[in-house]
Amino acid sequence: MDAHLAEPEPSPARGAAGPPLSGSHGRPGSPGAKRGGTSGNTLGEYLRARRELVTPQQAGIPDAGRRRVPGLRREEVAMLAGISADYYLRLERGRDRNPSAQVLDSIARVLHLDDEHVAHLRTLAAEPVRPGGRRQRDEVPPAGALKLLDSLVQPAFIESRYFDVLASNGPARALDPRLGVGGNQLRDLFLDPSGQALYPEWQNVTECFVANLRQAVGNDVDDPRFVELTEELLLASPRFRQLWARHEVRGQRGTPIRLDHPQVGELVLNRERLEIGGAEGLMLVVYHPDRGSGDADKLALLASAELPTRQPHPAVS
């Protein structure tokens, strides 16, 4: 999760976030959207969303009166990037999906994209993953990772790139019963009021999770699990639709996170996400308190009250 989780929403000037986008225009969440909130033109959607976050002032263009569109016009991006307006229009409309690295770098500079957004732009411009050529992802945690999980005294669980909970230990389920096998953190975060109440900084937490989902998926937007999850959230959550339309991209990093627990009150825990070797896309997530803090005592109290019934892990193939 982003190290700036508790800070106000970043400024659009950083190229990393921005105000909610208005209107549908066929964007994710609009009636014409499909396949997990995309129109099949992920590169064009990304360019349009990021273009609308850059103001004329940021681009060094005089703002002469009222503008019909937020952010920069297509022809302004093309001019500043040193490409023709017709070529840029073809990129946004999906009629040309193979821009050169030089063109991508020029557009990224105009759109004020940071390193993570530039990497995402290049991913979207790469050859998309096709259903026939997709390798089936193995989302069964390795036996060694499960043994490690059970040995930890801190709350810990294993998640997929879609935030599905694939395995969890007792302290994790004592901290949050929703962290059981089969749960999904995005659904809880956007659709479960009690899950939302756990996070006093819910707005920032949701922004972080959605930005990480964008980064994890890249251009693999035909993955069935991705389609199922995003279609459900786009239909049911206005907040998810708002964040998804921004095309924000950001990796999660270790950071303190504040929880308002219904039994023990406020907790501040460090949240670490560790890659699991040999299991692409799977992460071990560990919550741990600062040494000597009262939060350690609160976690111990929760763990002592946990029911002795142990939740089975999925079978290891």
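The values are calculated or read from the model by the stated rules, or taken from the named source; none is laboratory data. None of the values given here were measured: they were computed from a predicted structure. Virtual Cβ from ideal backbone geometry, glycine too; neighbours counted across all protein chains shown.
Annotations
- Qualifying residue in the range 166-177 (condition: at pLDDT 95 or above, in contact with a Ser or Thr (Cβ under 8 Å, 6 or more places away or on another chain) and over 27 Å from Ala108 (Cβ atoms)): yes
- Restricting Glu280, Glu272 to residues that are modelled with pLDDT of 90 or more and either in contact with a His (Cβ under 9 Å, 6 or more places away or on another chain) or of a type in the set (Asp, Glu) (or both) narrows the list to Glu272.
- Flag for Gln136 being part of a loop (DSSP other than H, G, I, E, B) and at pLDDT below 95: yes
- Test: Leu229 is more than 23 Å from Leu124 (Cα to Cα), at pLDDT 95 or above and in a helix (DSSP H, G or I): no
- When residues of the range 280-292 are limited to those that are exposed (fewer than 14 other Cβ atoms within 10 Å of the Cβ) and either among the small types (Gly, Ala, Ser) or free of Cβ contacts under 8 Å to residues at least 24 places away in the same chain (or both), the one nearest to Val268 (Cα to Cα): Asp290
- Residue match in the range 252-268 (condition: among the aliphatic types (A, V, I, L, M), out of contact with any Cys (no Cβ under 9 Å at 6 or more places or on another chain) and over 21 Å from Leu299 (Cα atoms)): no
- Number of residues in the range 165-189 that are under 21 Å from Gly277 (Cα atoms) and either surrounded by fewer than 19 Cβ atoms within 10 Å (Cβ to Cβ) or β-branched (Val, Ile, Thr) (or both) equals 2.
- Within the range 195-230, the only residue that satisfies the criterion of being surrounded by fewer than 16 Cβ atoms within 10 Å (Cβ to Cβ) and among the acidic types (Asp, Glu) is Glu228.
- Every test in (1) in contact (Cβ under 8 Å) with a residue 12 or more places away in the chain; (2) surrounded by fewer than 19 Cβ atoms within 10 Å (Cβ to Cβ) is passed by Asp96 save one, and that test is (1).
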